[in-house]
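Report on the structure given below.
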Amino acid sequence: MNRASKLGTWVAAVALLSLTAAGCGSSDAADSGSAAQKLSTKELVKKAKGEGKAVWYAGGVRAQDAAAAFEKKYGIKVRVERLSGGALSQRVQGDVKSTGHLGADVIDNANMDLLSELVEQGLARHLTAKDVPGYPVAGEVKGVGNTCRISVAVIGYNTELLGKWRPKTWRDLLDPRLKGKLMVSDPNDSDAWATLWSQVLRTPALGRDYLKSVAAQGIQPVASSLVGAEQLGAGQGAALVAATTSLLEDQQKAKAPVGFFVPKDPSPVVPTVCMPAIGSAHPYAGELLERYLLSKEGQEVLNSTERAASVYTGLKGTLALPPNAAPMPHDKDFTAQTARVRKDLPEINKLLGVGQ
């Protein structure tokens, strides 16, 4: 089953489970979440400390660093569960089926379909920029929530396998030196890479013929960018499309012969939205964690360690966005991009020869 089919099944399943769970309900917890939203920070901290902990379903590989900074500041423990793609969908289904609400107090993800469905089903709360003092309006995704991280897609390569030559452009990936050595992160298990290939498909200078040429290189599909980064560092492939900066910098810190570049035209980025759950076990701690992650202080910690960009400007250690980066959360058609990606994915799979 490809990603588009899995997403449709997930949406239907969550809608059905939510309606079923509504009868047994958790109105007290939901009321607590509503009350938490209205509290001042001082009042919220007191209530959150009474709960003592929060649970965060996080997509970032270094979310634990931000959680540790939050714990140090407030003395409230955070259990981070790193979930992305299919694993997150399965967890959400299991949570709703067993309890009627999410097992996390805070959730972040790049799948706008998934997040908007959580809002529509009353499982998560839609924040606006006004809900977080000082938060930039440019980071709000209408109808979904506020952006907490913008990952910059990069293409990695193994410097030992390529000698002195270095790929620098999309067209360089068609070089004969990469024949049989080009790894591709599975677009069916990541909204980030599905979006990347959708942009490539819709770029006139690249398009369908380019994807066919990539496939003709004899690509090596990898389950995820994390796996791909590790294999790239181990020399199991000469180039990887694509990964995040943090994953490849980790390889460099481990002394692996890895380099990378930010592609241009297109320069895909991946905005991730963070939102509080409704009816969760720790609504006050969850609300406080959410406010922290979206504050300037929290954004600097989160995005400097994740090596990502923030909607705030001038934060120490965060990445600068490449020129003409897309899609951006303030784009008028940002949420429509999800539908375009879903429409494009079957053709992407066919052209690349993956996800069959």
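Between residue 326 and 267, 269, the built amide H atoms are under 5 Å apart, and every one of these is 5 or more places off in sequence or on another chain. Packing order of peptides 107-113, 46-52, highest average first: 107-113, 46-52 (average count of other Cβ atoms within 10 Å over each peptide's residues).
Beyond 20 Å between alpha-carbons counts as too far, so tell me which of 179/343; 42/296; 164/264; 47/316; 181/212 fall in that bin. Beyond 20 Å between Cα atoms: 179/343; 164/264; 47/316.
Here the peptides 236-244, 342-350, 265-273, 36-44 are ranked by packing, the mean other Cβ count within 10 Å, and the order with the highest first is 236-244, 265-273, 342-350, 36-44. The alpha carbon centroids of the range 307-356 and the range 258-297 are separated by 14 Å.
What relative contact order, as a whole-number percentage, does the chain give when Cα pairs under 8 Å and 6 or more residues apart are counted? Display every interim value, and only then the final one.
Values: 691 pairs, mean separation 98.7, N = 356.
Reported relative contact order: 28 percent.
Once the Cα atoms are used to define both axes, helix 191-201 deviates from the longest principal axis of the chain by about 40 degrees. Helix 85-99 and the longest principal axis of the C-alpha atoms of the chain enclose an angle of approximately 20°.
Surface composition of the range 103-229: carbon and sulfur make up 54 percent of the accessible area, probe 1.4 Å.
Inter-part distance, the range 111-152 to the range 221-245, computed on C-alpha centroids, equals 30 Å.
Using only alpha carbons, the range 240-356 has a radius of gyration to Kirkwood radius ratio (Rg to Rh) of 1.02. Magnitude of the charge dipole for the chain, about its Cα centre and with charges confined to Cβ atoms of Lys, Arg (+1) and Asp, Glu (-1), is about 640 debye. With 10 Å bins beginning at zero, the pair-distance distribution over Cα atoms of the chain amounts to 6, 25, 33, 23, 10, 3, 0 %.
Given a 1.4 Å probe, how much area per residue of the chain is accessible, in Å²? Write out the running numbers ahead of the final one.
Details: 15090 Å² over 356 residues.
For the chain, the solvent-accessible area averages 42 Å² per residue.
Considering all different alpha carbon pairs of the range 67-134, the Kirkwood hydrodynamic radius works out to 13.7 Å. For the range 256-356, the share of accessible area belonging to carbon and sulfur comes to 53 percent (1.4 Å probe, ligands and nucleic acids excluded).
The values are calculated or read from the model by the stated rules, or taken from the named source; none is laboratory data. Fair warning: this is a prediction, and the values are worked out from it, not measured in the lab. Quick reminder, even Gly has a Cβ in these numbers, built from the backbone with ideal geometry, and neighbours come from all protein chains shown. Quick note on the areas: whole protein, heavy atoms, side chains included, nothing else; ligands and nucleic acids left out. Shrake-Rupley method; radii C 1.70, N 1.55, O 1.52, S 1.80 Å.
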